[in-house]
1. Please work out if D67 is within 15 Å of ligand 2 (Cβ to nearest atom) and at pLDDT below 95.
2. Looking for whichever is in a strand (DSSP E or B) and closer than 24 Å to I56 by Cα here; the options are T173, T86. Which one fits?
3. Scan the range 108-125 and give yes if some residue there is modelled with pLDDT of 95 or more, under 19 Å from M181 (Cα atoms) and touching a Ser or Thr at 6+ places or on another chain (Cβ under 8 Å), otherwise no.
4. Could you please let me know if E150 is more than 20 Å from L74 (Cα to Cα) and modelled with pLDDT of 95 or more?
5. For the condition crowded, with 18+ Cβ neighbours inside 10 Å, out of contact with any Asp or Glu (no Cβ under 9 Å at 6 or more places or on another chain), hydrophobic (A, V, I, L, M, F, W, C) and under 18 Å from G196 (Cα atoms), what is the one hit in W104, W75?
6. List the residue pairs whose Cβ atoms are under 8 Å apart, where the first residue sits in the range 102-124 and is within 13 Å of H134 (Cβ to Cβ), the second is basic (K, R) and assigned to a loop (DSSP other than H, G, I, E, B), and the two are 6 or more positions apart or on different chains.
7. Being in a loop (DSSP other than H, G, I, E, B) and under 16 Å from W45 (Cβ atoms) is the filter here, so list the residues in the range 179-216 that pass it.
8. Return the only residue of D67, D90 being under 16 Å from F209 (Cα atoms), acidic (D, E) and out of contact with any helix residue (DSSP H, G or I) (no Cβ under 8 Å at 6 or more places or on another chain).
Amino acid sequence: MKRRNQQPKTNSLWLLIPLCLLLASFPALAGTFRDDFEDGNLKGWLIDEEAETIEIINGEVVITDFDRDIVSQLWFNNKQKMTNFTVSFDGKVIRSFDSWPYMWLYFRVNEVNNVEGCGAVVSLSPNPNVMWCHLICWNAGGFWLPGVHEVPINLTLNTWHHVTIKMEVVNLTVWLNDELMQKVDWSDQPSLPKTGPLGLGAGGAEVHFDNFVIISDDIRPVQIEAKLATNWGRIKR
Ligand SMILES: [Ca+2]
Ligand SMILES: [Ca+2]
């Protein structure tokens, strides 16, 4: 009598488990909004009421901010709240009006009322060539900076730099010209807002921005259509 094959049958359910894990890891619901500003309009953006000069020139956003005490801010999509996201853009500081000129991405902004709030910031300055990742909290008494992380960078005036910023729950990652610059864990920062609007800004400088891309679960499909006709330019270097 032939010996029976004792090999157990493969249960096909076991094959489904890694497949489900794989699918769950894809941000299937994440939408993407891109703007290369070649259409000359700021549809999908909101110029902050305290901004100095923000305009589109030759397919680039130009923010000119003489007094960095109040940064000139361009808010994404009418200050829509964004929780987790990956943002990338090209930015260059053309000229400075201050000893510390910078471009920045301001996000998770939580204005509790007219005088109180907190928000997270990545600011990049060609002078003193430093990148700051910090929280700004403020009230009637002024502002303070908890959760500060700082890394030296090489940011050159009048040169395009490609910036990528990822925010996932309490973890921030920043790349400059596709090189990993900083990983920040703000799990020890109770003042970090869970969500809030984000925007591009300039302080004490003329800063140009281009090729903005944001990927987030908070982007709805209707927003993707806003600039479907846009013809994407190459990433600047
Ligand atoms: Ca452009
Ligand atoms: Ca200003």
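The values are calculated or read from the model by the stated rules, or taken from the named source; none is laboratory data. All figures in this text were calculated on a predicted structure; none of them were measured in a lab. No Cβ is skipped: glycine too gets one built from the backbone with ideal geometry, and neighbour counts run over all protein chains shown.
1. Numbers: within 15 Å of ligand 2 (Cβ to nearest atom): yes; at pLDDT below 95: yes.
The answer is yes for D67.
2. Working: T173 fails: closer than 24 Å to I56 by Cα.
None of the others qualify; the one that does is T86.
3. Pass one, the range 108-125, residues modelled with pLDDT of 95 or more: 108-110, 116-125.
Still in the list and also under 19 Å from M181 (Cα atoms): 120-125.
Remaining after also requiring touching a Ser or Thr at 6+ places or on another chain (Cβ under 8 Å): none.
Checked against the condition, which is being modelled with pLDDT of 95 or more, under 19 Å from M181 (Cα atoms) and touching a Ser or Thr at 6+ places or on another chain (Cβ under 8 Å), the range 108-125 yields no hits at all.
4. Details: more than 20 Å from L74 (Cα to Cα): yes; modelled with pLDDT of 95 or more: yes.
Yes; evaluated as a whole, the condition is true for this residue.
5. Working: W75 fails: out of contact with any Asp or Glu (no Cβ under 9 Å at 6 or more places or on another chain).
Being crowded, with 18+ Cβ neighbours inside 10 Å, out of contact with any Asp or Glu (no Cβ under 9 Å at 6 or more places or on another chain), hydrophobic (A, V, I, L, M, F, W, C) and under 18 Å from G196 (Cα atoms) holds for just one of W104, W75, which is W104.
6. If the second residue must be basic (K, R) and assigned to a loop (DSSP other than H, G, I, E, B), the pairs left are Y102/R68; R108/K194.
7. Of the range 179-216, the ones in a loop (DSSP other than H, G, I, E, B) are 186-195, 197-198, 204.
Within the range 179-216, P197, L198 qualify.
8. Going through D67, D90 in turn, the sole match is D90.
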